[in-house]
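**Student:** The structure follows.
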Amino acid sequence: MLNLIKYNIIVKLRNFDTLFWPLLFPLILGTLFYFAFGNMEEADFETVPVAVVETAEGDRVFSEFITEIEEDGDALISVKKMTADEARKALEAREVDGIYYVAEEPSLTVGGNGISQSILQSLLESYVNGKHAMEQIAGKHPEGMAAAAERMADYRDAIEQVSLGGKTTNGNAQFFYALISMACLYGAFIGFGAALSLQANLTPLAERRCITPTHKLKIIVSEMIGSFLLHFLNVVILLIYLRYGLHLEFQGNFGEMLVIVMIGCIIGVSLGIFIGSIGKMGEGIKIAILLAVSMISCFLAGLMNGNMKDIVERNLPFINRINPAAVIADAFYCINVYADRDRYLRSLLTLAVMCVLMLGASFLIVRRERYDSI
């Protein structure tokens, strides 16, 4: 078995497509992204729409605080004053990312998890913490009220645009997360080649392999393992290049990123084997299907348009749950931006389920191939 895996990898390394599309192309594209977007030091957030519901006994100071933030030159939020019913409908329709209730104790209601919701929560926490500090100062050191008020007047220091994990985030990061997703799915090219080498009706090499005394199950398993190992190495090289070569914001736990990449590679290779094995279509048609599936997935994950993943989340969130490229990108967000352990584990579970389904379907199709004559 080990010899079969070894020689499968050697054969694939001699194939230009195996090296270029899964390895060299993502490296080239990542470099172009880097020079196009800069070194990712500047944060780039869109204005966050938020509804404000005021009550008769509401905290007027908080209302003024929100208004001042909206009127700032680099406003983070766009305020829409509404009634409680209007605000709920707007949140359900995803016209706003959250609702501030200006009551005696201000509160926030959001409809999901993400950077926009994190910003709104940070603003509320900044105000509540500042108010509590001022009350303590007024009770213990009233003579320092003026100085404290001056220090706290500039809210920007309290709401620096950082992730929940405390790292400065960047609006261009999603392109690189989607790039890694694309690299994982491009393992389909390796899987497609593996499928061709297993079907005797497609290539002369497959004919010779099918008439050897080696058990077909061993051939299939060794081909799959060799493809997974080779592509996993491809994507690890990309990840190391992005993190240590280009010094991008991939500062999360490297081991956790490797787990995401490993599962993503299995999905990509299995996708190629699955598409390469189904039907009696020609090689060109199958490659077209493979490219269409992988590129549409990456497009919806934000590879070509940084806002696309958010647009899909607002209108068809179910697509983001079944799109492997979007789930891979979201898992990277959980590590490098959100610091959300539960969401990271949910993403891994989703990827694992996709992996089992794709791998199982690919294995069953390839194993059941039979030929009347070769």
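**Student:** Which distance in nm do the two modelled labels at LYS6 and ARG341 give, with both placed 7 Å along the Cα-to-Cβ direction?
**Tutor:** Distance between label points: 4.3 nm.
**Student:** In what sequence do SER78, SER181, SER197 fall when counting other Cβ within 10 Å, fewest first?
**Tutor:** On the way: SER78 13, SER181 31, SER197 20.
Fewest to most other Cβ atoms nearby, the residues stand as SER78, SER197, SER181.
**Student:** Run the quick spin-label model on ALA93 and PHE16: label points 7 Å from Cα toward the beta carbon, then report their separation in nm to one decimal.
**Tutor:** My value for the distance between the label points is 5.5 nm.
**Student:** Hey, which lysines would be in cross-link range of LYS89, C-alpha to C-alpha under 16 Å, not counting anything within fewer than 8 residues on its own chain?
**Tutor:** LYS80, LYS81
**Student:** Can you list the residues, at least 5 places off or on another chain, whose amide H is less than 5 Å from the amide H of VAL102, using H built in the peptide plane?
**Tutor:** Correct list: VAL53, GLU54, THR55.
**Student:** Here is a follow-up. Can you pull out the trypsin sites (Lys or Arg not before Pro) in segment 266-327 whose DSSP state is coil and whose Cβ has at most 16 other Cβ atoms within 10 Å?
**Tutor:** Values: sites: LYS280, LYS286, LYS309, ARG314, ARG321; in loops: LYS280.
Passing sites in segment 266-327 are LYS280.
**Student:** Starting from the 7 Å offset along Cα-to-Cβ, what nm value, one decimal, do you get for the label separation of HIS132 and ILE240?
**Tutor:** Placing both labels 7 Å beyond Cα along the Cβ direction yields 4.6 nm.
All of the numbers you see were taken from the coordinates with simple rules; none came from a lab. Because the structure is predicted, anything quoted here is derived from the model rather than measured. Cβ sites come from the backbone with ideal geometry, for glycine too, and all protein chains shown count toward neighbours.
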